[in-house]
Structure formats: C-alpha cells, structure tokens
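Participant: Handing you a structure now.
The values are calculated or read from the model by the stated rules, or taken from the named source; none is laboratory data. Note that the coordinates shown come from a computational prediction; the quantities given were computed from them, not determined experimentally. Cβ placement follows ideal geometry from the backbone for every residue including glycine, while neighbour counts extend to all protein chains displayed. We work out accessible area using only protein heavy atoms, side chains counted, and drop any ligands, DNA or RNA first. Shrake-Rupley method; radii C 1.70, N 1.55, O 1.52, S 1.80 Å.
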Amino acid sequence: MVNLLVKVGVNALALWLTTLLYSGVYFARGGNPWDALVAGLVLGLVNALIRPVLLLLSLPVNVLTLGLFTLVVNGVVLMIVSGLTSLEVRGFGAAVVGALILAVISWALDLVLHRREGHK
C-alpha cells in the first residue's frame, strides 16, 4: 500500500513539475495539490491498464521505428489523462513533448528515491 502511495505521489510531483517546465501542459484553474494527486492516480491507472494494450497494438510500428513510436503512445496516454482530469494539453504535439518531459522527470525522481532508500 505504501508503494502505491509513493508511486501516486511521484506521478503527481512529476506532472506538477512538467506543468512548471512546459507551457503546453498545465492544470486548469491554476491547479492545486488535489488536482495533481488525482492526475497522478489516473496516470498510474492508465499506465497500468491502457498503455500495455496500446503498446501491444502498435508493436509492428514500434519495431519499424526502433521504439520511437513509444513517444506517440506516451502522448496518447497523456491525452487520455487530460481527458479524465483537470490536466490540460494544448494539442497532440504538446502531449508528445509533455510526455517526453514527464518521462525524464519521472526517471530522475525514481533515481533519487531509489538512491535515498539505499537501492542500487
């Protein structure tokens, strides 16, 4: 249960930092911590339930593009999250760029958390 809460918190923090760094992705009404937490929870659910199906369906294209099509799938995931929460995205191109920034921030946060916990 604690792991799930940490993942939701990391997702929320990563989304919030993405909105600060990139103007193409933002929270409606200025956003508050609850908006970020809800969006983080929805992002986790979409990543767990819908993203694997999208990756499987796009496997031939993903192989042809040597994995670069995954960026498009991540953009679609971000668009789905924006449709279900107060997160706003200014178009599909902004979703792809926002998903790339979100991935880098999430990776960095996971790296910091694992180092802090003593994992290698």
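Participant: I'm checking my understanding of the structure. Among residues of region 64-101 that are in contact with a Phe, Trp or Tyr (Cβ under 9 Å, 6 or more places away or on another chain) and part of a helix (DSSP H, G or I), which one is farthest from residue 35 (Cα to Cα)?
Facilitator: 72
Participant: Just need a number here: residues in region 82-109 that are surrounded by 14 or more Cβ atoms within 10 Å (Cβ to Cβ) and touching a residue at least 60 places away in the same chain (Cβ under 8 Å).
Facilitator: So the answer is 13.
Participant: For region 41-68, how many residues are under 18 Å from residue 106 (Cα atoms) and among the small types (Gly, Ala, Ser)?
Facilitator: 2
Participant: Residue 119 versus (1) open to solvent by 30 Å² or more (accessible area, probe 1.4 Å); (2) at pLDDT 95 or above: which is the lone unmet condition?
Facilitator: Only one criterion is unmet by residue 119, namely (2).
Participant: Restricting attention to region 59-81, which residues are open to solvent by 80 Å² or more (accessible area, probe 1.4 Å) and within 14 Å of residue 103 (Cα to Cα)?
Facilitator: Going through region 59-81, the residues open to solvent by 80 Å² or more (accessible area, probe 1.4 Å) turn out to be 59-60, 63-64, 66, 68.
68, the sole residue that qualifies.
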